[in-house]
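The values are calculated or read from the model by the stated rules, or taken from the named source; none is laboratory data. Keep in mind it's a predicted model, so treat the numbers as computed, not measured. FYI the Cβ positions are ideal-geometry reconstructions off the backbone, even for glycines, and counts take in every protein chain you see.
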Amino acid sequence: MQYAIYSDVHGNLQALKAVVADIEKAGTAKKIFLGDAVGYGANPNECIKIIREFSDIALAGNHDHAALNLIDISFFNPFAKEAVFWTRKQLTRESREFLAGLKVEESLNDITLVHATPCLPEEWNYIFSLKIASDNFKCFDRKICFIGHSHVPIIVTLNEKQGRCYVNSGDTMNISSGCRYIINIGSVGQPRDGDNRSSYVLYDDEIQTVTIKRVAYDIAETQSAIIKAGLPSSLAERLGHGR
Ligand code: ZN
């Protein structure tokens, strides 16, 4: 079966539409959303509607919980905070109910799914070193854990025999027996790895491959929607840089 796993849409409707079209072209059987439907972008309700109808499994992210007033946002940067307050005012009852019903963790077959980390998924921590990745391998028992949250796509392999973790280079990888993986799928709506195209992942458990996919979308249209909504202009600007 082929899985398409996407995340961190952040109210960017143009990016979401482009990624959905790309996933449909691939004829994927199972579509999985790893959280952060809203925050930063100008079209939260429209994105939620698409995510709700398109996804077989959908999880919550920290920005979804922020929009529902479920977490402390005092540590959010000022622009993110402003976007949270704006988003809270925009969300329809239907959208809020959808977000409130999302789980933070799910496992099926050989994969575990979380927005942030498999250890304490609701603490919304980041995996930004191999040491932290290595600790997180102890918190799930499946072969692969797919995550989002940092907006930077990356594949970390644990060679179980050697007890060694390393980062894979390249966008396509064959799954090996004797290895386990933590795979960050990147972000649809606000990529931060210097490539301004949306990112998502295809996983085929029959041919055992993982591919990080990049999809171009109409950035200018998203930027003008953000400006028109009265959101901070820096949130529009960064989309062009992919940072
Ligand atoms: Zn995010």
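Numbers at a glance
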| quantity | calculated |
| --- | --- |
| Check on Leu99, more than 13 Å from the chain's Cα centre (by Cα) and free of Cβ contacts under 8 Å to residues at least 40 places away in the same chain | no |
| Complete set of residues in region 146-174 that are under 24 Å from Asp22 (Cα atoms) and over 21 Å from the mean Cα position of the chain (by Cα) | Asn174 |
| Hits in region 203-221 (condition: in contact with a helix residue (DSSP H, G or I) (Cβ under 8 Å, 6 or more places away or on another chain) and of a type outside the set (Gly, Ala, Ser)) | Lys213, Val215, Tyr217, Asp218, Ile219, Glu221 |
| Single match in Leu68, Leu16 (criterion: among the aliphatic types (A, V, I, L, M), modelled with pLDDT of 95 or more and in contact with a Lys or Arg (Cβ under 8 Å, 6 or more places away or on another chain)) | Leu68 |
| Residue in region 40-80 that is nearest to Glu94 (Cα to Cα), counting only those that are without any contact (Cβ under 8 Å) to a residue 12 or more places away in the chain and touching a helix residue (DSSP H, G or I) at 6+ places or on another chain (Cβ under 7 Å) | Ile73 |
| Positions within region 125-135 being more than 19 Å from Ile32 (Cβ to Cβ) and either crowded, with 18+ Cβ neighbours inside 10 Å or within 14 Å of the ligand (Cβ to nearest atom) (or both), in sequence order | Asn125, Tyr126, Ala133 |
| Elements of type helices (runs of 4 or more DSSP H) contained in region 1-83, each with 1 or more residues being within 11 Å of the ligand (Cβ to nearest atom) and out of contact with any His (no Cβ under 8 Å at 6 or more places or on another chain) | 62-67 |
| Residue that is surrounded by the most Cβ atoms within 10 Å (Cβ to Cβ) [pool: residues in region 84-107 that are touching a Leu at 6+ places or on another chain (Cβ under 7 Å) and part of a loop (DSSP other than H, G, I, E, B)] | Leu102 |
| Region 108-123, residues that are more than 16 Å from the chain's Cα centre (by Cα) and in a strand (DSSP E or B) | Leu108 |
